[in-house]
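The values are calculated or read from the model by the stated rules, or taken from the named source; none is laboratory data. Quick caveat, the model's predicted, so the values are computed rather than measured. Ideal geometry is used to build each Cβ from the backbone, glycine not excepted, and the neighbour counts take in all protein chains shown.
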Amino acid sequence: MIVRILGEGQFNIADIEQEALQRFDDDIETAVASGDEERVHSSLVALRDFIVTHGEPVADDYLGPSDVVVPFPDADISDIQGLLNEEGLIPDF
């Protein structure tokens with residue numbers, strides 16, 4: 001799965017990491033729904049760190065689409081709401 005972190009680039013995440021990604025996604029959704037900006041920020045930082053640590057950077061010349069788009073860690077709730085769908089940021093695979 002190719003994950004794009006806005007402002008940072010794309011990372012290839014192994015499918016076996018899907019469960020962990022869903023936990024981060026659920027936490028972000030809950031924080032957005034409650035309007036808790038501090039929790040949103042800490043959850044996005046944790047998701048970003050997980051992606052960067054467990055993913056492989058995609059080559060700069062890769063022209064394919066991203067499967068998932070994750071906001072930059074300093075995004076506010078209104079930025080994130082524009083990226084959320086019925087499955088959150090990360091679709092259930």
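The figures follow:
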item	result
Residues within the range 7-56 that are exposed (fewer than 14 other Cβ atoms within 10 Å of the Cβ) and in a loop (DSSP other than H, G, I, E, B), tallied	3
Test for Ile90: is it crowded, with 19+ Cβ neighbours inside 10 Å, assigned to a helix (DSSP H, G or I), touching a residue at least 12 places away in the same chain (Cβ under 8 Å) and touching a strand residue (DSSP E or B) at 6+ places or on another chain (Cβ under 8 Å)	no
Cross-chain or 6+ apart pairs with Cβ under 7 Å, the range 55-84 first and closer than 30 Å to Asp36 by Cα and of a type in the set (S, T, N, Q), then surrounded by 12 or more Cβ atoms within 10 Å (Cβ to Cβ) and at pLDDT 90 or above	Ser66/Ile2; Ser66/Val3; Ser66/Arg4; Ser66/Gln10; Gln81/Val32
Qualifying residues in the range 57-77 (those that are of a type outside the set (A, V, I, L, M) and over 14 Å from Leu44 (Cα atoms)) - the one surrounded by the most Cβ atoms within 10 Å (Cβ to Cβ)	Ser66
